[in-house]
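The values are calculated or read from the model by the stated rules, or taken from the named source; none is laboratory data. Computed from a predicted model, the values in this text were never measured in an experiment. Cβ placement follows ideal geometry from the backbone for every residue including glycine, while neighbour counts extend to all protein chains displayed. For accessibility, only protein heavy atoms count, side chains too; no ligands or nucleic acids. Shrake-Rupley method; radii C 1.70, N 1.55, O 1.52, S 1.80 Å.
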Amino acid sequence: MEAGLTGCCMNRTYGGFHTHPLYLVILIVAYFLLAVALLVTSNSSATGYEASIYRSTPTIFWIAVAFSTVCGIVSFIVHVYSGDNRTRKLLPAFLLIFLSYAVCLSLFIIRGYYMWCMGGDPATHIGWIKETICTGYVPDSVIYPITHIYFSEIVQITGLDLVLLHKVVPLIFALLMVPFMYLFACMVLPQKAEILLATLISCTMIYGWYTDLTPNGLANLFLPLVLYLLFKSLNSYTISWGFLLCIALLFYPVFHPIPTIFLGLVLLILLILYITFQFFKKKHSTILTGYMGEIKSYLLPLLVLGIWFIFWISSFRAWDVTIQNILGDGASPTSLSKLTAQIELAQGYGYNILEQIVRQMGGQIVLVFLALVSLPLLWQQIQKNNRYRYVFSLYGPIFVLGTLIAILYVFYLPFGPLRLMFYVLVLSTVPASFLLCWALKKSWVCKGALTAGSILFLTGIVLVGLFLGGITSLYPSPYVATANYHTTQAEVEGMDHLFVHMSIDVPILRISIPLSRYGELLLTSEEIKIKKIPPLYLDSPNAPYHFGYDNVSTISILYSTEYYLIISEKDRNMYVDTFPDMAPYRWWPQDFERLNHDPGLNLLYVNGGFGLWMLRDEST
C-alpha cells in the first residue's frame, strides 16, 4: 500500500516531465547534434589504413553519441521511477538511443572503409559465396551453407556488390536484434518496465558479433527471435506457434552448429527443470499422466532439433575431425595451454592482463554480475507466484554454459570457448533488467531524497557503464590491444596483383597479411591449388624481426634463394600506434624505411598502401 501511494505521488511529481519544455529542448538538441555529427563524419572518410577508428572519427561524433545516450538513459530511469507505463511517451528517448546504437555499429561504413576483416573469417565466407555464384553449388566442405546460398541469391537478384553486402547485412541483423530482444523479453518478463530495461540493455553493444560477416555471427544475432518463438510455444501450447518454432529449429543446423547446440541445451535444461519442479510440487505418480501435454511441448522440439542436427552434421567430414580434436591425441595444444601461452607472451611485452580483461570484457562481466545478484530476489518472487518462472529457469542454461566454457578449455577446439559467452550475455540480460527495475522501484519506499537519489544515480552509472564498455570494445583498437580490422582497397588490389604475377616457386615473406584468407577471397579453389597457397593452419607471419637489420645490412643475406616480401600500410602502423611497446622486439618505423634503400631488394609493385619486393638471390 505504501509503495502504491508513493508511486502515485511520484506520478504526480514526475509524470509530466515528458512534456516539460526543458526536456523537449534537450531532445531537440540531441537529435540536431546527432544529425550534425553524422554529416561531419560522413565528410571525413578514411584515406588510408586507420589504427583506431576512435581517434580518426571527428570528436563531435562521440560527443553527440554520449549526449544522446545519457539523455535516453535519464529519460528511461525517470520513466520507470515515475511508474508511468505509457510507452509512447518514452518513444522519442528510446529512438535517440537506438539511433546512437545504429550509427556506432555503422561507423566503419560511414567512414568509408573499403572492406572489413579480410584477415579473418569474412574473407573465407566471401570466397565461398563467390564460388557458389560461379558454380551454382556450395563448396562441399561448408557445413553451414544457408548464409552463402542467400547471399548468392541476393547478389544475382539485385546485382549488388559483395563488397557492400558484406558490411550492410551484418548491420541489418544487428539492428533487428533489438526488436527481437524486445519480443523475447515480452515472453519471459511480466512487467513493462522490466521489458523496456531489457530492450535498453540490448542497445549497449556488449554482446559482440556485430560487424563481421560470419554465419555464426548472423545466427547469434537472429537467436533472440528463436528464443521468443520457443517461450511463446511453451506458454501458449498451440500448434501454430509450435509449427513456427519447428521451422526455426530446422533452419538452424544449416545456419551454424554452435547456436544450434545452444538451443538444444536450452530445451533440454528447461525440460529437466520442468519435470524436477513438478516432481517436488506434485506426487511422483501424477507427473507423466497429468502433465504429458506440457512435457511434449518441450520434448517434441528437442527431438526435432536433435535428430535433424545429428543427421545433418554427421554427413560431413568436419564432424569426425571435430570429434577427434575434442578427444585429442595428446600432442595438440588445449585451449587452456594456448591461453596460458598468450598471457605469458603479453606479460613478457609489458601488458597488464587484468587491465586488458576489464577493457575488453568489463561490460560483459558487469551484466553477468547483475544477473547473479538478482538470483536470490527471483527465488523470493517465485515462492510467491509463478510470474517469474521463465526468468528463473534461464539460470539453468546460464550456469551450464558457464561450466561448459570452463570445461572446454581442457580440450583442443577449432574455436575459443569464450564464443559461448554471447549466449550467457543474452540470457543474463533478462534477470539483469529485473534487478535494475527492482532497484528503481525500491527507491519508491526509501526514506529521504538522498537515499532514493543514490539508487537512481547508481542505476544510471551502471547503464552508462554498460554503454561505455560496449562502445569502447566494439571496434578493435589500441585501447583493447587489437589491430583494427580495416582492410584498405590498396591492400586488396596489391594482393590481387601479387596472385596474378607471382611465381609459384618463390616463397612469400609477410608480417600480418594472411595468404590463405586472401587466396580464398580472390582466387578459385582450383587457382589456390595451382598457386600453392598454404592452408590456414600452415599460414603464419614469417618476415624476420627488424628485417634482420640489427645484424646485417641487407635482408637478402638471410636467404639463399629468391623471396617475395609484401608490406601493407597496416604493417607499417601496427607497431607505432597499436603495439608500440612491442616495437623494440618486432619492427621499428625506420626498419620499413630501410627497405626503400636496401640493395638486396627489387621493388616490383607499390600503390600507396601496399608494397611488393623481390629479394635478390645473392648466390647468382
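Annotations for the structure displayed:
- Bridge type composition, the chain - antiparallel percent by DSSP, nearest 5: 85
- Lysine pairs in segment 124-471 with Cα atoms under 22 Å, if 8 or more residues apart or on separate chains: 14
- Remark: segment 488-615 carries 47 Å² of accessible area per residue (probe radius 1.4 Å; ligands, DNA and RNA excluded).
- Other residues whose C-beta falls under 15 angstrom from the C-beta of Ile109 contribute a net charge of -1, scoring Lys and Arg +1 and Asp and Glu -1.
- In the chain, the longest principal axis of the Cα atoms and the axis of helix 353-373 are about 20 degrees apart.
- Measure of compaction for segment 470-620 (Cα Rg per 2.2 N^0.38 Å): 1.08
- With every protein chain in place, segment 488-615: carbon and sulfur % of accessible area (1.4 Å): 54
- For the chain, the mean residue ellipticity at 222 nm estimated from helices alone is -20500 deg cm²/dmol, where every DSSP H run of n ≥ 4 contributes -39500 (n - 2.57) and the total is divided by all residues, rounded to the nearest 500.
- In whole angstrom, the chain maps to an equivalent ellipsoid with semi-axes of 47, 31, 22, each derived as √(5λ) from the alpha carbon gyration tensor and ordered largest first.
- Put simply, when 108-119, 43-54 are sorted by average Cβ atoms within 10 angstrom per residue, most first, you get 108-119, 43-54.
- Built amide H within the under 5 Å cut-off of Leu604, gap 5+: Leu612, Trp613, Met614
- By the Kirkwood approach, averaging reciprocal distances over each pair of separate Cα atoms, segment 303-430 gets a hydrodynamic radius of 17.7 Å.
- Per-peptide packing, taken as the mean over residues of other Cβ atoms within 10 Å, places 131-144, 358-371, 552-565 in the sequence 358-371, 552-565, 131-144 from highest down.
- Per-atom-type breakdown for segment 137-276 gives carbon and sulfur 73% of the accessible area (1.4 Å probe, protein chains only).
- Ignoring aspartates and glutamates fewer than eight residues from Lys570 along the same chain, the ones with Cα atoms less than 12 angstrom from its Cα are Glu50, Glu491.
- Seen against the Cα atoms of the chain and their longest principal axis, helix 292-313 is set at about 10 degrees.
- Global dimensions of segment 124-471 from alpha-carbon coordinates: Rg and Dmax equal 22.0, 72 Å.
- Ordering of 200-211, 56-67 by packing [mean C-beta count within 10 Å, highest first]: 200-211, 56-67
- Among Leu336, Phe262, Ser152 - extreme Cα towards positive end, dipole of the chain, charges at beta-carbon: Phe262
- On the basis of the beta-carbon distance and an R0 of 25 Å, Arg387 and Ile275 show a calculated FRET efficiency of 0.75.
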